[in-house]
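The values are calculated or read from the model by the stated rules, or taken from the named source; none is laboratory data. All figures in this text were calculated on a predicted structure; none of them were measured in a lab. Heads up, the Cβs are rebuilt from the backbone with ideal geometry, glycines too, and the neighbour counts pull from every protein chain shown.
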Amino acid sequence: MHELAICQALIEQLDSIAVQHLKKKIVKVNLKVGPLSGVVPQLLVDAFSIAAKASCAEHAELEITTGDILVFCKHCNIESRGKINQLVCRECGDWQTELVSGDEMLLQRVELEERVELEEIAK
């Protein structure tokens, strides 16, 4: 399951973000996963809870949105939606297309929360 390795790398990135923002706690993580990324979103959710243990994102919510497959036609210069195993132009039907999006996994948003120290609560 390569989703676990992906989540471990994601947690490293989130830890780095937390340090940059003065050791804040990660509350929510938004990822965009394309249908051609080779990642199964549900397996990613399952692996995230394992990889996040004892990290700044241990109790974070992972929200995944799926993107569209977009192709650019070299023949008619139109960008259109494609389908898995069908990356042809929707306008002219030509097969000479370039993938514009659909194979990505992007960290879109991270919500942080201040960690409240016990000393501050006592004040």
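Values as computed for the structure displayed
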item	result
Filter result (surrounded by fewer than 16 Cβ atoms within 10 Å (Cβ to Cβ) and either within 13 Å of L36 (Cα to Cα) or of a type in the set (G, A, S) (or both)) within segment 56-80	T66, D68
Residues being more than 15 Å from the chain's Cα centre (by Cα), assigned to a helix (DSSP H, G or I) and buried (at least 16 other Cβ atoms within 10 Å of the Cβ) - total across segment 18-50	1
Filter result for V27 (in contact (Cβ under 8 Å) with a residue 24 or more places away in the chain and over 30 Å from L87 (Cα atoms))	yes
Of residues in segment 88-117 being part of a loop (DSSP other than H, G, I, E, B) and among the β-branched types (V, I, T), the one surrounded by the most Cβ atoms within 10 Å (Cβ to Cβ)	V88
Breaking point among (1) surrounded by 14 or more Cβ atoms within 10 Å (Cβ to Cβ); (2) outside the structural domain of L112 (by TED's automatic domain parsing), for N85	(1)
